[in-house]
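J.: One structure, as structure tokens, below. Some questions next.
The values are calculated or read from the model by the stated rules, or taken from the named source; none is laboratory data. What you see is a predicted model, and the numbers here were worked out from it, not measured in a lab. Here the Cβ positions follow ideal geometry from the backbone for every residue, glycine too, while neighbour counts run over all protein chains shown.
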Amino acid sequence: MRKRLALARCLVRHPSLLLLDEPFSSLDVDTKYSMYELVQKLWQESGCAVIFVTHDLHDAILLADRIIVASPQPFTIRDIINVPFSRPRNDNIYDSPDYISIRRHLTSLLRDTFTKKP
């Protein structure tokens, strides 16, 4: 309920940009899935731009139109991936070849980013 209330507080002012930083990190699985649906619905209805920061690959693929993979110190953009799925998105995308391909690519990028020694 707290996450929903926080989201409502943000949207009540009709922002043109919404920043969500790890909004699902502390949620149980059932609540997380209901929040996926809620965020997609509210985003489409509000029309505001959303920057969604997450370390969860599934969250990124399910919710983003574009995924920007960044490296830490110095901050550089490693890749920008366009997500090809139409909206609304749901569990049906998990077994698709595009989902699997994007997830493998993201995993590879992140592995390379965090295993390279300076």
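J.: Give the number of residues within segment 89-116 that are surrounded by fewer than 12 Cβ atoms within 10 Å (Cβ to Cβ) and part of a loop (DSSP other than H, G, I, E, B).
T.: 2
J.: Please find, within segment 57-110, the residue that is nearest to the chain's Cα centre (by Cα) out of those that are among the acidic types (Asp, Glu) and at pLDDT 90 or above.
T.: Keep residues of segment 57-110 that are among the acidic types (Asp, Glu), which gives 59, 65, 79, 91, 95, 98.
After this cut, where a residue has to be at pLDDT 90 or above as well, the list is 65, 79, 95, 98.
Working: ASP65: 9, ASP79: 15, ASP95: 18, ASP98: 16 Å.
Selected residue: ASP65.
J.: Further question on the same structure: Out of all the residues in segment 57-77, which are in a strand (DSSP E or B) and either within 25 Å of HIS14 (Cβ to Cβ) or out of contact with any helix residue (DSSP H, G or I) (no Cβ under 7 Å at 6 or more places or on another chain) (or both)? Break it down stepwise before answering.
T.: Taking segment 57-77 first, the residues in a strand (DSSP E or B) are 66-71, 76-77.
The answer is ARG66, ILE68, ALA70, THR76, ILE77.
J.: Now, a different point. Report the residue count in segment 45-56 for those that are surrounded by fewer than 16 Cβ atoms within 10 Å (Cβ to Cβ) and not in a loop (DSSP other than H, G, I, E, B).
T.: Filtering segment 45-56 for residues surrounded by fewer than 16 Cβ atoms within 10 Å (Cβ to Cβ) gives 45-49, 51, 53, 55-56.
This time we only want the ones that are not in a loop (DSSP other than H, G, I, E, B), so: 45-46, 49, 51, 53.
Of the residues in that region, 5 qualify.
J.: Another question, if that's okay. In segment 18-44, which residues are in contact (Cβ under 8 Å) with a residue 24 or more places away in the chain and exposed (fewer than 12 other Cβ atoms within 10 Å of the Cβ)?
T.: ASP21, GLN44, listed by residue number.
J.: Here is a further query. If TYR33 meets every condition in (1) under 11 Å from the mean Cα position of the chain (by Cα); (2) of a type in the set (Phe, Trp, Tyr); (3) not in a strand (DSSP E or B) apart from one, which number is that one?
T.: Just one mismatch for TYR33, condition (1).
J.: Could you go through segment 70-81 and let me know if any residue there is among the hydroxyl-bearing types (Ser, Thr, Tyr), touching a strand residue (DSSP E or B) at 6+ places or on another chain (Cβ under 7 Å) and surrounded by 15 or more Cβ atoms within 10 Å (Cβ to Cβ).
T.: So far as segment 70-81 goes, yes, one or more of its residues are among the hydroxyl-bearing types (Ser, Thr, Tyr), touching a strand residue (DSSP E or B) at 6+ places or on another chain (Cβ under 7 Å) and surrounded by 15 or more Cβ atoms within 10 Å (Cβ to Cβ).
J.: Answer yes if at least one residue in segment 3-10 is surrounded by 14 or more Cβ atoms within 10 Å (Cβ to Cβ), in contact with a helix residue (DSSP H, G or I) (Cβ under 9 Å, 6 or more places away or on another chain), of a type in the set (A, V, I, L, M) and in a strand (DSSP E or B), and no otherwise.
T.: Within segment 3-10, not a single residue is surrounded by 14 or more Cβ atoms within 10 Å (Cβ to Cβ), in contact with a helix residue (DSSP H, G or I) (Cβ under 9 Å, 6 or more places away or on another chain), of a type in the set (A, V, I, L, M) and in a strand (DSSP E or B).
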